[in-house]
Structures are given as structure tokens and as C-alpha cells.
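Please read the structure below before turning to the comments.
Please treat every number below as a calculation from the coordinates, not as lab data. Remember, predicted model here, so these are calculated numbers, not experimental data. Using ideal geometry, Cβ is built from the backbone for each residue, glycine included, and neighbour counts are taken over all protein chains shown.
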Amino acid sequence: MENLNITETKSTPKVELNSITNKHYFIGESYPENTKDFYAPIMIWLKEYLSELPSDIEAEFNFEIIYFNSSSSKALMDIFYLIDDYVADEEKSLSINWLYIEENEAAEEYGEEFAEDMECVPFNLVIKEEDE
Amino acid sequence: MKKSNKIAILSEHQEEIVEIAEIIKSITSHSYQIYDFNRVDECIEFCKNRRVDLLLAHTSSLDIILQQRESLPDKNLEFILFSSSSKEVESGQNIFNIGALDLFRYPFNRDEIEFKLNRYINEYKNMVKDYNRTQKQLDRVTRISDRQQSELKDLNNELDRYKHHLEDKVEEGLLEIKALNREIEDTQKEVIFTMGAIGESRSKETGNHVKRVAEYSYLLAVKYGLSEKEAEMLKQASPMHDIGKVAIPDRILNKPARFTEDEFILMQRHTEFGFEMLKHSTRELLKTASIVAYEHHEKWNGRGYPRGLKGDEIHIYGRITAIADVFDALGSDRVYKKGWEDERIFTLFREERGEHFDPKLVDLFFENLEDILAIRDRFVDDGTE
């Protein structure tokens with residue numbers, strides 16, 4: 001299937017979903033004017049991708065969202081739950097990395113809360129070097 | 001290992017419980033844990049304390065179940081009714097309207113029970129999962145929103161503080177600028193006044209002479225119709241009308257006897273010297289001063305010096321300073337003469353109307369004589385200046 005690439009804007013993150021490398025990235029800030037419109041094609045892509053993904057292929061989802069509004073947090077949780085379900089029901093080899101810089105305490109707390117909600121998928125909190 | 005689904009079975013008849021339990025236990029696709037009760041109160045009590053996924057109850061317990069369901073932790077506890085005989089089905093009562101998921105009729109069909117239980121359990125579990133997730137999402141979203149709101153509030157407060165700080169600073173800066181401006185203006189006035197005073201002191205004029213000339217000039221300028229700004233400018237510039245006298249040697253300037261013709265010609269040149277000293281400035285005030293210095297000895301009839309200008313050719317500043325200067329000079333005592341009586345001065349002014357002086361200014365002088373004399377009284381020479 002085709003990769004999904006969305007360019008970063010002031011209010012939406014860069015999204016790189018890659019069915020060849022199986023490494024996926026969400027990087028930037030998320031406060032779109034219409035959150036549903038922004039995340040709907042992403043959810044469609046992910047559902048198709050995950051249903052086709054063989055169980056023995058490892059896939060990694062990286063989130064480096066510096067700032068997000070509350071409706072984006074719901075959209076992000078929808079993605080996390082979707083991934084979690086595929087690990088729970090079909091035992092796929094998926095993992096989620098939540099990246100943040102050490103000074104961003106809020107991002108760390110949000111990551112901790114999201115991690116609590118995940119039942120099966122490994123949800124890793126990863127401190128990122130600031131000058132990377 | 002998957003969690004087993006908890007099913008409570010309620011019937012007064014133990015044999016019914018056994019029959020249904022046997023069927024449920026034989027289901028292999030899902031794991032079910034069975035709790036059986038003969039008494040409705042025991043069953044309700046159990047449901048209050050334990051999580052139960054589904055309740056299977058005999059139709060005879062329907063009323064009490066409906067009553068008690070509200071008091072359970074899970075108010076939406078799903079239940080399926082069963083009847084022990086085909087006769088027992090309530091006549092005309094639609095079980096779906098009262099909230100039951102289904103009705104298992106006697107004799108029980110194993111396949112039907114298996115199919116329906118599995119389906120309900122799956123649906124129920126998904127519903128619970130969705131519900132829990134939605135609750136969590138709501139909870140998270142609310143907390144994130146709260147947090148962001150409080151951050152926003154903090155930022156707004158900080159912004160307010162900055163704004164006030166900035167306003168204070170601007171206010172402070174403005175006050176400082178105002179103070180500095182006043183300082184500059186005051187210094188300028190003082191410098192000009194002092195320059196004028198140098199000219200006067202060298203010719204032994206009294207210090208108040210320049211002050212009076214300044215005030216007379218201001219008054220006449222306003223009455224003549226010049227703007228307040230111009231009148232003020234003239235007031236500040238007029239003390240410099242004799243600044244050119246610094247270029248005249250003392251022996252001539254303070255000569256007690258009559259000037260020789262050469263001396264007189266040199267003496268007259270103080271107007272040109274003053275003009276030369278001041279003309280290079282681009283400052284409005286010094287330009288005004290240069291005009292006053294140059295033209296205050298010109299006469300309306302063209303017989304003045306240095307250029308012999310006539311009538312309107314003489315700048316209004318020059319014409320005004322001329323009348324102000326002469327009035328004050330005539331009335332003041334000098335080393336070599338006593339001051340003139342007022343009447344003598346007024347007679348002279350009337351004679352010189354249209355000759356030495358601008359006729360309009362002479363008229364204004366007399367019209368405002370009271371104010372002019374008040375100025376003279378205010379800056380009277382008392383010997384201390």
C-alpha cells in the first residue's frame with residue numbers, strides 16, 4: 001500500500017506513515033481547526049495497514065507532539081487504542097514511542113497517562129536530546 | 001489467559017438452574033463462570049458486591065429485578081429471562097420493552113443458548129470496553145484542557161504584569177523626557193538672557209532693561225496679532241537686541257562725552273555685528289534674535305540704520321523691539337542723564353508716530369498703556385539687579 005505523508009503546518013504535525021520501513025512518525029504541534037478532518041484519513045490508512053500487517057513484522061509508531069489541543073488528544077487516544085487492539089486481538093508486534101524533551105514536563109505527564117491506558121502494546125516514554 | 005465471563009442464574013427451581021448450567025458449561029468457545037441463586041434477595045446482594053456480566057433469571061423474578069436494578073453498581077446490568085414452561089410466558093408482555101435482552105423458552109435449545117450468550121457477551125464486552133475508553137478519553141481530555149486553561153491563565157497574568165510594567169516604564173520615560181525638555185528650554189532661555197545681559201552690562205545698562213523690553217515686546221506682539229508662539233519667541237529673543245555691542249570697545253561704549261562722527265558710525269555697527277553673530281544659526285529663536293539685533297534701530301520713515309529700511313520693509317520684530325527699547329531707554333536713568341518724565345515720552349511717541357515708529361504700534365502702545373506701565377512697575381530698577 002502507498003505511504004501516507006502529510007507536511008507539517010503551524011497547527012498540524014508532520015505525519016509519515018511508511019508501509020515499507022514500518023516506522024511511522026507524528027512530529028510537531030497539533031491544534032487543527034478541524035481535528036476530525038485532519039485525523040480521519042490517518043485512521044483509515046492505519047486500519048488498512050494494521051489489518052494487512054503480518055504478525056511477525058515489527059512496526060514502530062513514534063509520536064513527538066510538542067503541543068496538542070484537547071480534541072487532538074482524543075484523536076491520539078483513538079490511534080493508541082486502535083494499535084492496542086491489534087496487539088490484543090491479533091498479537092501483532094507493534095510498539096509506541098512517546099518522545100519528549102526533558103524540560104517538557106507536561107509532555108512527560110501526558111505520555112505517562114496515555115501509557116496507563118494501554119493494555120497490551122508497549123508504550124515507551126523516550127527522552128529526546130534537545131539538540132538532535 | 002482470557003477472563004471468564006460471570007453469569008448469575010436465578011430461579012426458585014434448582015432443576016432449571018442445573019439444566020441451563022449444564023448447557024452453559026458445555027460451551028467451549030467462551031469461558032463462563034456460573035453463580036446460581038434460588039432466592040432473589042441473595043442474587044441482588046451478590047450483584048451489588050461482584051462484577052457480573054450477565055443475569056439469567058426466571059420470568060417470575062422480573063418485577064423485583066426491575067425494581068432492584070437501579071440500586072446495583074452496574075445500573076445497566078443486562079439480563080435474559082427464561083420461562084420454565086410455554087404456559088408461563090406473560091400474556092401480551094413484550095420482554096424487549098422492559099429491557100431484557102432475550103427470552104429463552106422452555107424446552108431449552110442448546111444451540112440457541114450458546115449462540116445468543118456468545119453474541120451478547122461479545123456485544124456487552126465491546127460496549128463496556130468502548131464505554132470505559134470513552135470515559136478515559138473524556139477524563140484525559142478534560143484534564144488536558146484544564147491544564148492548558150490554567151497555563152493560559154498564567155500566561156495571561158504574566159502578560160498583564162508585563163503590560164503594566166511597560167506602561168509604568170513608558171510613563172516614567174515620558175516624565176523623564178518632559179523634565180529633560182524643560183531643562184533644555186530653561187537652559188536655552190537662560191543662555192540667551194545671559195548673552196543679552198552681557199551686551200547690556202558692558203554698556204552699563206541695568207539688568208532689568210532687557211527683561212522689560214522682553215515683556216513690552218511680548219505684549220505688543222500679541223496685540224499686533226502675532227501668534228502666541230511667535231510672541232513668545234520674540235520675548236525670548238529680544239534680550240539679545242544689543243548683543244553686537246560686545247564688539248564695541250569699552251572706551252567708546254562707555255564714553256561719557258559725545259561720540260565723534262567715526263565713533264558714532266562704529267557704535268551704529270553694533271546692529272550689524274549682532275546680526276553677523278546670530279545669522280548662521282538655523283534655530284528659529286536665534287534667527288528671530290538676528291532679525292531683532294539687525295533691525296531694531298531702523299525707522300518707519302527710512303532714516304534709521306544700518307540699512308535705512310522703510311515701513312513694512314522693516315520686519316515686525318524689528319519694529320516692535322524699536323518701540324519697546326526706546327520707551328525703556330528714555331524712561332531710565334543713565335550715568336549721563338536722568339530718565340524722562342512719562343508725559344515727555346508720550347509727546348515724543350505721538351510726534352514719532354509714522355516717523356520713527358510704526359503708527360499702528362504707537363496706537364497699540366497707547367491703547368495698552370496701563371499694561372505697559374504695570375510691566376515697568378513689576379521690573380522696576382531697585383539697584384539690586
Self-check item: Sites B:ASN38 and A:ASP89 - FRET efficiency at Förster radius 51 Å, r taken between beta-carbons, to 0.05
Solution: 0.85
Quiz item: For region B:169-262, taking Cα atoms only, what is the radius of gyration to one decimal and the Dmax to the nearest whole Å?
Solution: 18.0, 66
Self-check item: Cβ-placed point charges (K, R +1; D, E -1), dipole of chain B about Cα centre in debye, nearest 20
Solution: 980
Quiz item: Between A:ILE44 and B:LYS75, what is the label-to-label distance in nm when each label sits 7 Å out along the Cα-to-Cβ direction?
Solution: 3.9
Quiz item: Can you list residues whose amide H is under 5 Å from B:ASN5's amide H, if they're 5+ apart or on another chain and H is modeled 1.01 Å from N?
Solution: B:SER31, B:TYR32, B:GLN33
Quiz item: So which aspartates and glutamates can B:LYS136 reach, going by Cα to Cα under 14 Å and dropping same-chain residues fewer than 8 places off?
Solution: A:ASP78, A:GLU112, A:GLU113, A:GLU116, A:ASP117, A:GLU119
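What is the extension gain from B:GLU272 to B:LEU103, computed as 0.36 nm multiplied by their sequence separation minus the C-alpha to C-alpha distance, in nm to one decimal?
Numbers: separation 169, 0.36 × 169 = 60.84 nm, distance 12.63 nm.
Once the chain is fully extended between B:GLU272 and B:LEU103, it gains 48.2 nm.
Enter the mean projected area of the convex hull around the alpha-carbon atoms of region A:23-68, in nm², rounded to one decimal. Could you put the intermediate results ahead of the total?
On the way: hull surface 14.0 nm².
About 3.5 nm², averaged over all directions.
Nearest-5 percent of antiparallel DSSP beta bridges in chain B?
Numbers: 1 of 18 bridges.
Close to 5 percent.
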Self-check item: Charged-residue dipole, Cβ positions (Lys, Arg, Asp, Glu), chain A about Cα centre, Debye nearest 20
Solution: 620
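Where both partners of a DSSP beta bridge lie in the protein assembly as shown, what percent of those bridges are antiparallel, to the nearest 5?
Bridges in the protein assembly as shown that DSSP calls antiparallel: roughly 15 percent.
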Practice problem: Quote to one decimal, in nm, the extra length available between B:ASP139 and B:PHE264 on full extension: 0.36 nm per residue of separation minus the C-alpha distance between them. | Solution: 34.6 nm
Quiz prompt | Label-zone membership for region B:280-305, site B:LYS255, 7 angstrom Cα→C-beta point, backbone N under 19 Å | solution = B:305
Quiz prompt | Inter-probe distance in nm under a simple model that places probes 7 Å from Cα toward Cβ, at B:ALA247 and B:LEU180 | solution = 3.6
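Let me have the relative contact order for region B:5-136, percent, based on Cα pairs under 8 Å that are six or more residues apart. Walk me through the numbers on the way to the answer.
Working: 163 pairs, mean separation 30.8, N = 132.
With pairs under 8 Å counted, the relative contact order is 23 percent.
Past 28 Å, Cα to Cα, is the threshold; run A:LYS10/A:LYS74; B:LYS169/B:LYS235; B:LYS153/B:LYS178; A:LYS14/A:LYS128; B:LYS279/B:LYS337; B:LYS287/B:LYS360 against it and keep the listed order. Each step should come with its number before you reach the end.
On the way: A:LYS10/A:LYS74 20 Å; B:LYS169/B:LYS235 36 Å; B:LYS153/B:LYS178 37 Å; A:LYS14/A:LYS128 17 Å; B:LYS279/B:LYS337 34 Å; B:LYS287/B:LYS360 24 Å.
Cα-Cα > 28 Å for B:LYS169/B:LYS235; B:LYS153/B:LYS178; B:LYS279/B:LYS337; rest within.
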Self-check item: Shape of region B:203-378, Cα gyration tensor, a/c cut at 1.5
Solution: rounded
Quiz item: Considering the dipole of region B:167-309 built from charges on the beta carbon (Lys and Arg +1, Asp and Glu -1) around the Cα centre, which of B:PHE264, B:LEU174, B:HIS241 is farthest to its positive end?
Solution: B:PHE264
Practice problem: Could you point to the residue in A:SER93, A:PHE114, B:SER281 farthest towards the positive end of the protein assembly as shown's charge dipole, with +1 and -1 charges on the Cβ of Lys/Arg and Asp/Glu respectively? | Solution: B:SER281
Exercise. For the protein assembly as shown, count the residues as N, evaluate 2.2 N^0.38 Å, and divide the Cα radius of gyration by that value, please.
Key: 2.26
Practice problem: Would you mind listing how long chain A runs along its three principal axes, going by Cα atoms, in whole Å with the largest first? | Solution: 37, 27, 27
Exercise. Take chain B, connect every pair of alpha-carbon atoms lying under 10 Å apart with a spring to form a Gaussian network, then pick out the residue of B:VAL141, B:VAL362, B:VAL40 with the largest mean-square fluctuation.
Key: B:VAL40
Exercise. Report the local net charge at A:GLU16: Lys and Arg +1, Asp and Glu -1, summed over other residues whose C-beta lies under 15 Å from its C-beta.
Key: -2
Exercise. Find the relative contact order for chain B and round it to a whole percent, using C-alpha pairs within less than 8 Å whose residues are 6+ positions apart.
Key: 10
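Test of understanding: ordering B:HIS241, B:HIS270 by Cβ neighbours within 10 Å, fewest first, what list do you get? Write out the running numbers ahead of the final one.
Working: B:HIS241 32, B:HIS270 23.
If I rank by nearby Cβ atoms, fewest first, I get B:HIS270, B:HIS241.
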Self-check item: Inter-part distance where region A:1-40 and region B:283-356 are each reduced to a Cα centre, Å
Solution: 89
Quiz prompt | Magnitude of the charge dipole, region B:203-378, Cβ model with Lys/Arg +1 and Asp/Glu -1, debye to 20 | solution = 440
Practice problem: Name the residue, out of B:HIS13, B:HIS209, B:HIS356, whose mean-square fluctuation peaks in a Gaussian network model built on chain B with Cα pairs under 10 Å. | Solution: B:HIS13
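Rounded to the nearest 0.05, what FRET efficiency do B:LYS189 and B:PHE366 give with R0 = 35 Å and r taken as the Cβ-Cβ distance? Could you check?
Numbers: r = 30 Å, r/R0 = 0.86.
Approximately 0.70, to the nearest 0.05.
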Quiz item: Which of B:LEU159, B:VAL222, B:THR28 sits closest to the plus end of the dipole of the protein assembly as shown, meaning its Cα is farthest towards the positive end, when Lys and Arg get +1 and Asp and Glu get -1 on the C-beta?
Solution: B:VAL222
Practice problem: Could I have the simple spin-label model distance between B:HIS165 and B:VAL128, label points 7 Å from Cα toward Cβ, reported in nm to one decimal? | Solution: 5.6
